[in-house]
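See structure below.
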C-alpha cells in the first residue's frame, strides 16, 4: 500500500522538526555548560577581588599605624 503524498509530506516535516530540535538541544546544552563555567569563573574572580581588597586595606592600616607612630 502506497502512502499518500500528504502523509509523506507530514513524515518529512516531522523528521525536519526532530532534526531541528536535536540541533537546538545541542546548542542549549553547550550554552548551559558555558554559562555554568562563566558563573564559576565569576565567583572565583569575586573571591579573588575580595581577598585583594582585604590585603590592600590591611596594608593601608599598617601604613597609617606606622605614620601615626612617627609623629
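Only the coordinates and a few stated rules stand behind these numbers; no lab work does. Not measured: the values here are computed from a predicted model. No Cβ is skipped: glycine too gets one built from the backbone with ideal geometry, and neighbour counts run over all protein chains shown.
Numerical summary
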| quantity | calculated |
| --- | --- |
| Qualifying residue in segment 43-57 (condition: under 12 Å from the mean Cα position of the chain (by Cα) and assigned to a helix (DSSP H, G or I)) | yes |
| Residue in segment 6-13 that is free of Cβ contacts under 8 Å to residues at least 24 places away in the same chain and surrounded by fewer than 10 Cβ atoms within 10 Å (Cβ to Cβ) present | yes |
